[in-house]
Amino acid sequence: MRGVVMHAPGDVRVEDLPEPTLQQPTDAIIRLAAACICGSDLWPYRGADTITEPKPMGHEYVGVVEQVGADVTEIKVGDFVVGSFFASDNTCEICRAGYQTSCLHRDFPGPSQAQLMRVPLADGTLVATPGVPDDDLIPSLLAASDVLGTGWFGAVAAEAGPGKTVAVVGDGAVGLMAVLAAKELGAERIIAMSRHADRQALARELGATDIVTERGEAGVARVKELTDGLGAHSVVEAVGTQESMLQAIGATRPGGHVGFVGVLHDVAIAGDDIFMTHVHVHGGPAPVRRFLPDLIDRIWQRRIDPGKVFDLTLPLEQAAEGYVAMDQRTATKVLLQP
Ligand SMILES: [Zn+2]
């Protein structure tokens, strides 16, 4: 089969790879209907994460089940499924509390930028759609696999809801999905922090009521100006840098909530940034599995269209172009067709 392999920063190739096989009786093999490139794939692509050996890529996926192990009882061959980037049993105490990305039996599906992939703990990890989706729903279902689920968790962790003002730091795919989530969760006002005209437009389309172009301390000051000097009730941090984290905490009112879902790189928070501000800070790798049944239902009913976040679609064979586009920000999110 064909699959994407990163050899070194800036060096992505599509190669022949061995087909994945069932390794555990709880595994499934799925044939990808679509995969995509993640913002987090850019960290190794830009050399911020070290690559010691050629690395097959991808952790977002939708597809059709081709094989299941002997102990898989819920998921059937032929099901169209959506899964998350961590495999989870969905039965342990941590999973039942809604933190499937910290499952006691956590495992790793994929890689998914390929024609076929292995998914461990298939019954716990995968959610089958009600039927075969129309083609136009596939991008939205793929978004649910990571960026929508992650943005949703950010909004939930920030306690977005009716009557709340929600600010979103970061206008990448996850930040844009957090705007959509805040709207769906009933937020009254949604402030998108973005400097890019195209992303500002999409943020407005997804529910943003205000745009703030300033960053850092100036961004914090602008959010306070818009909220009677108080700051937002809820702030979603969807970048993962020191500046964005401090911007998120600073833009939150006393007693408010920060939901942080950007993968952190070299972030250090001083005790006083939390102690003296009365800000709740909650985040981490999003337990996307918690939200998948609800998100799939909203997509199936055509209440939400998160697939809008994909602004470039390429055949898997041209994956390298997709990495260039995301690296140079000519694309927000790239869908790959296997
Ligand atoms: Zn578990």
Going toward the positive end of the dipole of the range 150-283, with +1 on Lys and Arg Cβ and -1 on Asp and Glu Cβ, which of VAL235, LEU180, VAL258 do you reach last?
LEU180
Output ³J(HN,Hα) for the range 95-101: one whole-Hz value per residue in order, computed from phi by the Karplus curve 6.51 cos²θ - 1.76 cosθ + 1.60 with θ = phi - 60°, and x for Gly and Pro.
4, 5, 7, x, 10, 4, 6
Point-charge dipole on Cβ atoms (K/R +1, D/E -1) for the range 150-283, about Cα centre, debye to 20:
240 debye
Taking R0 as 25 Å, what's the FRET efficiency between GLU317 and ALA128 from their Cβ-Cβ distance, rounded to 0.05?
0.30
When the chain is fully extended, how far beyond the present Cα-Cα distance does VAL77 get from GLU225, taking 0.36 nm per residue of separation?
47.8 nm
Hits in the range 177-200: amide N under 17 Å from the 7 Å Cα→Cβ extension of GLU214, namely 191-196
Charge context of GLU53, other residues only, Cβ under 15 angstrom, K/R +1, D/E -1:
-1
Take the alpha carbon atoms of the range 150-283, find their radius of gyration, then divide it by 2.2 N^0.38 Å using N residues; give the quotient.
0.90
Provide, as a two-decimal number, the C-alpha radius of gyration of the range 210-299 over 2.2 N^0.38 Å, N being how many residues it has.
1.17
Net charge dipole size for the chain [Lys, Arg +1 and Asp, Glu -1 on Cβ; Debye, nearest 20]:
600 debye
Local charge sum around ILE304 (other residues, Cβ-Cβ under 11 Å, Lys/Arg +1, Asp/Glu -1)?
+1
Net charge contributed by nearby residues that have their C-beta within less than 13 Å of MET6 (K/R +1, D/E -1):
-3
Degrees between helix 216-226 axis and first principal axis of the chain (Cα, 0 to 90, nearest 10)
70 degrees
What are the ³J(HN,Hα) values, in whole Hz, obtained from phi via the Karplus relation 6.51 cos²θ - 1.76 cosθ + 1.60 with θ = phi - 60°, for each residue of the range 232-241 in sequence order, with x given for Gly and Pro?
6, 5, 9, 10, 9, 9, 10, 10, x, 10
Can you give the extra length, in nm with one decimal, that the chain gains between LYS55 and LEU104 once fully stretched, where that is 0.36 nm per residue apart less the Cα-Cα distance?
15.1 nm
Charge dipole magnitude, Cβ of K and R +1, D and E -1 - the range 78-165, Cα centre, debye nearest 20:
280 debye
Once you keep just the Cα pairs under 8 angstrom separated by 6 or more residues, what percentage relative contact order results for the chain?
19 percent
I need THR313, THR330 ordered by Cβ neighbour count within 10 Å, fewest first.
THR330, THR313
Over 28 Å (Cα to Cα) - which of LYS183/LYS333; LYS224/LYS333; LYS76/LYS333 fall in this group:
LYS224/LYS333; LYS76/LYS333
Say each of GLN24 and ARG2 gets a label point 7 Å from the Cα, pointing the same way as Cα to Cβ; how far apart are those two points in nm?
3.1 nm
Computed over the Cα atoms of the chain, what is the convex hull's projected area averaged over all directions, in nm²?
16.0 nm²
Relative contact order for the range 72-123, counting Cα pairs under 8 Å that sit 6 or more residues apart, in percent:
36 percent
Where labels lie 7 Å past Cα in the beta-carbon direction, separation of GLU205 and ARG13 in nm:
3.7 nm
HIS280 and GLN301 label points (each 7 Å along its Cα→Cβ direction) are spaced in nm at 2.6 nm
Expressed in nm to one decimal, what extension gain is obtained for the pair TRP43 and GLU93 from 0.36 nm per residue of sequence separation less their Cα-Cα distance?
14.8 nm
Express in whole angstrom the spacing between the alpha-carbon centres of the range 156-220 and the range 84-137.
28 Å
Using alpha-carbon pairs under 8 Å, 6+ residues apart, how would you state the relative contact order of the range 253-296 in percent?
51 percent
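Throughout, read-outs are computed from the coordinates displayed, never taken from laboratory work. Small disclaimer: the values here were computed from a predicted structure and weren't measured. A quick note on method: Cβ atoms are made from the backbone with ideal geometry, for glycine too, and the neighbour counts reach across all protein chains shown.
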